[in-house]
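Asks: Handing you this structure, nothing more for now.
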Amino acid sequence: MMQLLGKHRKMLKFNVINYDHSILSNRAGTTSYIADRVIYSKFPERLIYGLLRRYGKNAYIDAQICIEDAQEYRDLELNENLKEQLNVQSLYRGEQFIVSSSSLIPKGQEIGIELTDLLLGFIRTIILNEPNSKSKALHAKNTLIVELLKDSEFISFMESTRLFEWTLTRELTEINFTDYLQLYLSQHHDQFI
């Protein structure tokens, strides 16, 4: 799967939002329903909008969105709401895209969803940057990630990841993910070299 990613990396974009769930749950007046709407609806909308916007006037994107089928997404009818909200955004902001379909896909049926899950796990591990001594499972995970990062195409793709952090502010803050990568590789330099 990683070879497939490397082969197609120049055609891929990957945006990630890092947030602290406790910020939402500890905010006075915030219900779990509202917090879930932010996490399972608003964040996906912002991520996908970021991938579809700001192409040139002669480019036109016809997007078909695949979302991992999960109860949280079903409860919020994310596939339908996302399609509607993104198409409204496109028209309102004069963007050159349309979302023609948005589907909930069961696990194990779409390679893009499986790859996204893997990459999110890798990114979380890199951001948390925990030492191998914490557990055998973590040591194995770190070893795999370091081995993958030795591949020039894979590390190039990871360096192109756009990472945004949200801390209860009006705007998402873009963070240079390469800084997290460098810190991670510094922590695991003995394996990397």
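The values are calculated or read from the model by the stated rules, or taken from the named source; none is laboratory data. Please read these numbers as outputs of a predicted model, since none were measured by experiment. Every residue, glycine among them, receives a Cβ derived from its backbone with ideal geometry; neighbour counts consider all protein chains shown. Note: accessible area is taken over every heavy atom of the protein model, side chains too, but ligands, DNA and RNA are not part of it. Shrake-Rupley method; radii C 1.70, N 1.55, O 1.52, S 1.80 Å.
Asks: Mind pulling the angle between the C-alpha long axis of helix 136-149 and the longest principal axis of the chain? Nearest 10 degrees, somewhere in 0 to 90.
Replies: 80 degrees
Asks: Separate question: Can you count the Lys pairs in the chain with C-alpha separation below 19 Å, eight or more apart or on different chains?
Replies: 4
Asks: Please provide three numbers in whole Å: the alpha-carbon extents of the stretch 32-134 along the principal axes, with the largest listed first.
Replies: Sorted from largest, the Cα extents of the stretch 32-134 read 52, 32, 29 Å.
Asks: Out of the DSSP beta bridges found with both residues in the chain, what percent are antiparallel (nearest 5)?
Replies: Taking every DSSP beta bridge with both residues in the chain, the antiparallel ones total about 20 percent.
Asks: May I ask you to compute the full-extension gain from residue 30 to residue 174, defined as 0.36 nm times their residue separation minus their alpha-carbon distance, rounded to one decimal in nm?
Replies: That pair, residue 30 and residue 174, stretches by 49.3 nm at full extension.
Asks: Between the helical axis of 43-52 and the dominant principal axis of the chain, each derived from Cα atoms, what acute angle in degrees is found, rounded to the nearest 10?
Replies: 90 degrees
Asks: For the stretch 12-29 and the stretch 51-118, compute the distance between their C-alpha centroids and round to whole Å.
Replies: Distance between centres, Cα-based: 19 Å.
Asks: Share of the stretch 1-152's accessible area from carbon and sulfur, percent, 1.4 Å?
Replies: 52 percent
Asks: Separate question: Please give the peptides 31-44, 78-91 ranked by average Cβ packing (other Cβ atoms within 10 Å per residue), highest first, as a rough proxy for protection. Intermediate values should be presented prior to the final figure.
Replies: Details: 31-44: 14.4, 78-91: 17.1.
Highest mean packing first, the order is 78-91, 31-44.
Asks: A further question on this structure: About the Cα centre, and with charges only on the beta carbon of Lys, Arg (+1) and Asp, Glu (-1), how big is the dipole of the chain? Nearest 20 debye, please.
Replies: Using only the charged Cβ atoms, the result is roughly 360 debye.
Asks: Using Cα atoms only, what is the angle between the long axis of helix 177-187 and the major principal axis of the chain, expressed in degrees (0 to 90) to the nearest 10?
Replies: 20 degrees
Asks: Next question, about the same structure. At 0.36 nm per residue, minus the direct Cα-Cα distance, what do residue 77 and residue 150 gain on full extension? Give it in nm, one decimal, please.
Replies: Result for the pair: 22.2 nm of gain on full extension.
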